[in-house]
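Encoded as structure tokens, the structure appears first; notes follow it.
Derivation of every value follows stated rules applied to the coordinates shown; laboratory data play no part. Note that the structure is predicted; figures quoted are calculated from it, not measured. Quick reminder, even Gly has a Cβ in these numbers, built from the backbone with ideal geometry, and neighbours come from all protein chains shown.
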Amino acid sequence: MPRTLLVTGGAGFIGSNFVHYATEHTDARIIVLDKLTYAGNRASLAGLPEDRVTLVEGDIADADLVGRLVADLTGPDDAIVHYAAESHNDNSLSDPSPFLTTNLIGTYTLIEAARRHDVRFHHISTDEVYGDLELDDPQRFTESTPYNPSSPYSSTKAGSDLLVRAWVRSFGLRATISNCSNNYGPRQHVEKFIPRQITNLIDGIRPRLYGAGQNVRDWIHADDHSSAVLAILDRGRIGETYLIGADGEKSNKEVVGLILEAFGRPADDFDHVTDRPGHDLRYAIDSTKLRTELGWTPSFSDFEAGIADTIAWYRDNEDWWRPQKAETEAKYARSGQ
Ligand code: NAD
Ligand code: DAU
């Protein structure tokens, strides 16, 4: 019998890309549990087979609802794949409160249900739990790098990872954790760096770089994140953490330069704006464990081509992002960004 996956946050950016990817590459049946916050979008699940994908609108911190959904996961390969989170650093700096509720209490609610019903659990986390690196640091993040989060967002993600680890050790929860680097691709909210600059340029607005633009992120296509999560679900060792990354380090200035080039604009046609408080300088992932132990490799090796596809997606799907654009920019304008 095909497995059932309960995918939390499946109407958000990475969760919806996972649902599309898993529907195409496996025969799994998928229940999406999503609160449809400002970051969730029903339209991100459009076109998926209705007999295989069901959206349940609800909160991961709702213990009754979560208990009912998890109780239905009775197949031997059924699992919870937990993407739901408040995910944006800038929002966490203006109002940390929903980050604590969703990222900590929400994760606690899910792992309690998973242990009660003995259901396999995969926790989606971020490289930001490790803090940041110097630009010239020869060491990248590995599974043994000490936790050192900087923002309300990353500290609540770090806390959620620690909860999962404790539930594995104390209660025998059958869980794995993955910490991935910055994702790009279709269906990402226009508050985030790459879609913000693409949609600004579509609207004839100059891109906005925080500070000097020297901060480095390690970019991976969302589909490669999805293939890694499927590999961990199928072959990952219980209790283990796997770092996911595709050797995609680029400074923000370089990324803006590539986007400007794709729009036929000069590489310096951007504005410097107020920097993010506590802005992490550099993230970089060493994904050797995932590659050697589980045989995973990324498919997207050409960042420029991936960015060109992403630009094409935003040009072709204006109905998807337009409703959020003005409000998002108004919020950035209030913080001088
Ligand atoms: P997103 O903000 O685009 O999507 C989050 C989704 O979770 C939305 O659909 C939202 O409606 C839903 N949600 C929020 N609160 C909820 C709640 N209380 N109950 C149910 N649903 C709720 O985020 P994203 O960028 O897709 O990130 C998804 C996950 O991946 C997060 O856990 C994030 O920490 C992690 N992650 C993101 C990146 C990245 O580059 N974006 C990289 C590594 C890890
Ligand atoms: O590393 C993984 C993390 O990547 C995830 O855990 C987060 O959920 C995800 O949002 C992302 O966090 P970042 O803070 O790195 O992503 P963001 O898109 O907000 O910003 C990327 C970089 O670009 C960062 O250095 C800040 C900068 N930036 C961002 C915006 C929105 C700008 O220079 N200008 C902008 O307009």
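Multiplying the residue separation of Arg68 and Asp51 by 0.36 nm and subtracting their alpha-carbon distance yields 4.1 nm.
Considering only DSSP beta bridges where both residues belong to the chain, give the percentage that are antiparallel (nearest 5). Restricted to the chain, the bridges split so that about 10 percent are antiparallel.
What is region 1-113's relative contact order, in percent, from Cα pairs under 8 angstrom and six or more apart in sequence? Computed over region 1-113, the figure is 32 percent. Semi-axis lengths, largest first, of the ellipsoid equivalent to region 175-232 are 27, 14, 8 Å, with √(5λ) applied to each eigenvalue of the Cα gyration tensor.
3J(HN,Hα) couplings calculated from phi for region 123-135 with the Karplus curve 6.51 cos²θ - 1.76 cosθ + 1.60 (θ = phi - 60°) are, in sequence order, 9, 8, 10, 10, 5, 5, 4, 8, x, 9, 10, 6, 4 Hz; Gly and Pro show x. Length gained on full extension, Arg165 to Val273: 35.0 nm, using 0.36 nm per residue less the C-alpha separation. For Val7, the residues 5 or more places off, or on other chains, whose built amide H falls under 5 Å of its own are Ile31, Val32, Leu33, Val81.
Restricting the calculation to Cα atoms, region 37-196 yields a radius of gyration followed by a Dmax of 16.7, 51 Å. Quarter the surface of the alpha carbon convex hull of the chain and you get the mean projected area, 15.7 square nanometres. According to the Kirkwood relation over distinct C-alpha pairs, the hydrodynamic radius of region 230-276 is 14.3 Å. In the structure shown, the pairs Lys35/Lys192; Lys192/Lys325; Lys35/Lys289; Lys192/Lys250; Lys192/Lys331 are assessed against 23 Å; a Cα-Cα span above that value is assigned to Lys35/Lys289. A quarter of the convex hull surface defined by the alpha-carbon atoms of region 142-194 gives 5.3 nm² as the mean projection.
Mean silhouette area of region 1-83, derived from the convex hull of its C-alpha atoms and averaged over all directions, reads 5.0 nm². Residue-wise HN-Hα couplings along region 323-335, as the Karplus relation 6.51 cos²θ - 1.76 cosθ + 1.60 with θ = phi - 60° gives them from phi, are x, 9, 5, 5, 5, 5, 5, 5, 5, 4, 4, 5, 9 Hz; Gly and Pro carry x. With the simple spin-label model, which puts each label point 7 Å out from Cα in the Cβ direction, the His117 to Ser94 separation comes to 3.6 nm. The HN-Hα couplings worked out from phi for region 249-254 by the Karplus form 6.51 cos²θ - 1.76 cosθ + 1.60 (θ = phi - 60°) are 5, 8, 6, 4, 5, 5 Hz, whole numbers, x standing for Gly and Pro.
Estimated from helices alone, the mean residue ellipticity of the chain at 222 nm is -12000 deg cm²/dmol (sum of -39500 (n - 2.57) over DSSP H runs with n ≥ 4, per residue).
Here the Kirkwood formula, the inverse mean of 1/r across different C-alpha pairs, assigns region 77-127 a hydrodynamic radius of 11.9 Å. Measuring between their Cα centroids, region 169-200 and region 311-337 lie 18 Å from each other.
In the neighborhood of Gly172, defined by Cβ-to-Cβ distances under 15 Å, what is the net charge if each Lys or Arg adds +1 and each Asp or Glu adds -1? Here the charged neighbours net out to +4. Within the listed set Leu133, Leu110, Leu33, the Gaussian network model of the chain (springs between alpha-carbon atoms below 10 Å) gives the highest mean-square fluctuation for Leu133.
With the simple model of a label 7 Å out from the Cα in the direction of the Cβ, Ala326 to Thr26 spans 4.1 nm. Once the C-beta distance of Asp77 and Ala333 is scaled by a Förster radius of 35 Å, the resulting FRET efficiency is 0.15 to the nearest 0.05. Amide H contacts for Glu249 (H built 1.01 Å from N in the peptide plane; partners 5 or more residues away or on another chain; cut-off under 5 Å): Trp219.
Assign one of three labels to region 268-337, namely rounded, prolate or oblate, based on the Cα gyration tensor with a ≥ b ≥ c the square roots of its eigenvalues; rounded applies when a/c is under 1.5, prolate when it is not and a/b is larger than b/c, and oblate otherwise.
Oblate shape, in that a/c is at least 1.5 and b/c is the bigger or equal ratio.
Here, region 184-337 is characterised by an Rg to Rh ratio of 1.00, where Rg is the alpha-carbon radius of gyration and Rh the Kirkwood radius.
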